[in-house]
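*Asks:* My questions will all concern the structure given below.
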Amino acid sequence: MKKNKQLTKVETQVMNILWDLASEGVTSSEMMEHYPEPKPAMTTLLTFLKRLTEKEFVKTEKQGKLLRFTPLIAREEYTQQYLTEAKNTFFGGSPTSLVSFFVNHEQLNDDEISELLRIIKEKQGL
């Protein structure tokens with residue numbers, strides 16, 4: 001992924017379907033089966049896929065009469081780049097400020113707090 005390329009909300013929805021399904025590529029029809037309601041028109045989905053191909057998020061391969069679509073970036077890699085950009089833009093590059101924001105603004109239950117503490121302790125080698 002080229003730096004500073006971000007997915008729109010709709011593109012993220014399409015990419016999530018691809019990430020869930022596409023170990024070896026999927027057709028637009030296969031994607032449509034997994035698209036949540038309200039489903040877009042097939043032409044609309046194809047427009048999204050064309051845009052994602054142009055933005056270099058998706059690779060298109062022709063197999064006979066079918067087009068198969070495969071993500072060019074893993075979900076984890078995109079998420080890391082996206083959150084790093086958010087951390088740098090909104091939190092002065094501070095991971096502590098980013099985590100603090102979520103801890104203070106989300107309704108975390110006891111299990112979630114315990115899990116966060118476990119992760120931190122694991123990173124500290126405790």
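*Asks:* Could we say that Pro40 is in a loop (DSSP other than H, G, I, E, B), surrounded by 13 or more Cβ atoms within 10 Å (Cβ to Cβ) and over 10 Å from the mean Cα position of the chain (by Cα) here?
*Replies:* Taking the combined requirement at face value, the residue satisfies it.
*Asks:* Now for a different question. Give the residue, chosen from Gln80, Gln124, that is farther than 20 Å from Gln6 by Cβ, open to solvent by 90 Å² or more (accessible area, probe 1.4 Å) and out of contact with any strand residue (DSSP E or B) (no Cβ under 6 Å at 6 or more places or on another chain).
*Replies:* Values: Gln80 fails: farther than 20 Å from Gln6 by Cβ.
Going through Gln80, Gln124 in turn, just one is farther than 20 Å from Gln6 by Cβ, open to solvent by 90 Å² or more (accessible area, probe 1.4 Å) and out of contact with any strand residue (DSSP E or B) (no Cβ under 6 Å at 6 or more places or on another chain): Gln124.
*Asks:* Against the conditions (1) in contact with a helix residue (DSSP H, G or I) (Cβ under 6 Å, 6 or more places away or on another chain); (2) more than 28 Å from Ser23 (Cβ to Cβ); (3) charged (D, E, K, R), where does Arg75 fall short? Just the number, please.
*Replies:* (2)
*Asks:* Look through segment 57-72, keep the residues that are open to solvent by less than 90 Å² (accessible area, probe 1.4 Å) and under 14 Å from the mean Cα position of the chain (by Cα), and return whichever of them is farthest from Leu21 (Cα to Cα).
*Replies:* Among them, the one singled out is Phe57.
*Asks:* Could I ask something else about it? Consider Arg75 against the criteria (1) closer than 30 Å to Val10 by Cβ; (2) in contact with a Lys or Arg (Cβ under 9 Å, 6 or more places away or on another chain): it satisfies all of them except one. Which criterion is unmet?
*Replies:* (2)
*Asks:* Same structure, new question: For Phe48, only one of the following conditions fails: (1) open to solvent by less than 10 Å² (accessible area, probe 1.4 Å); (2) within 27 Å of Glu85 (Cα to Cα). What is its number?
*Replies:* (1)
*Asks:* So for segment 26-35 (the condition being acidic (Asp, Glu) and surrounded by 15 or more Cβ atoms within 10 Å (Cβ to Cβ)), does at least one residue qualify? Outline the logic, then answer.
*Replies:* Here is the first cut: in segment 26-35, the ones acidic (Asp, Glu) are 30, 33.
Pick out the ones that are also surrounded by 15 or more Cβ atoms within 10 Å (Cβ to Cβ) and you get 30.
So far as segment 26-35 goes, yes, one or more of its residues are acidic (Asp, Glu) and surrounded by 15 or more Cβ atoms within 10 Å (Cβ to Cβ).
*Asks:* Now, a different point. Could you run through segment 93-121 and say how many residues are in a loop (DSSP other than H, G, I, E, B), open to solvent by less than 80 Å² (accessible area, probe 1.4 Å) and not polar (S, T, N, Q)? Steps first, please.
*Replies:* Looking only at segment 93-121, we keep the residues that are in a loop (DSSP other than H, G, I, E, B), and these are 93-94, 106-109.
Right, trim to open to solvent by less than 80 Å² (accessible area, probe 1.4 Å) and you get 93-94, 108-109.
Pick out the ones that are also not polar (S, T, N, Q) and you get 93, 108.
Residues meeting the conditions: 2.
*Asks:* Determine whether Glu112 is touching a Lys or Arg at 6+ places or on another chain (Cβ under 7 Å) and not basic (Lys, Arg). Quick ask: steps written out before the conclusion?
*Replies:* Numbers: touching a Lys or Arg at 6+ places or on another chain (Cβ under 7 Å): no; not basic (Lys, Arg): yes.
Answer is no for this residue.
*Asks:* Quick check: anything in segment 96-116 in contact (Cβ under 8 Å) with a residue 60 or more places away in the chain and closer than 23 Å to Leu7 by Cα?
*Replies:* no
*Asks:* Here is a follow-up. Can you go through Thr60, Thr70 and tell me which one is touching a strand residue (DSSP E or B) at 6+ places or on another chain (Cβ under 7 Å), polar (S, T, N, Q), touching a residue at least 12 places away in the same chain (Cβ under 8 Å) and outside any helix (DSSP H, G or I)? Even if it seems obvious, please write down each step before you answer.
*Replies:* Working: Thr60 fails: touching a residue at least 12 places away in the same chain (Cβ under 8 Å).
That would be Thr70, the only listed residue that is touching a strand residue (DSSP E or B) at 6+ places or on another chain (Cβ under 7 Å), polar (S, T, N, Q), touching a residue at least 12 places away in the same chain (Cβ under 8 Å) and outside any helix (DSSP H, G or I).
The values are calculated or read from the model by the stated rules, or taken from the named source; none is laboratory data. Please read these numbers as outputs of a predicted model, since none were measured by experiment. Note that we place each Cβ from the backbone using ideal geometry, even for glycine, and neighbour counts take in every protein chain shown. To get the accessible areas, we keep the full protein, side chains included, count just its heavy atoms, and leave off ligands, DNA and RNA. Shrake-Rupley method; radii C 1.70, N 1.55, O 1.52, S 1.80 Å.
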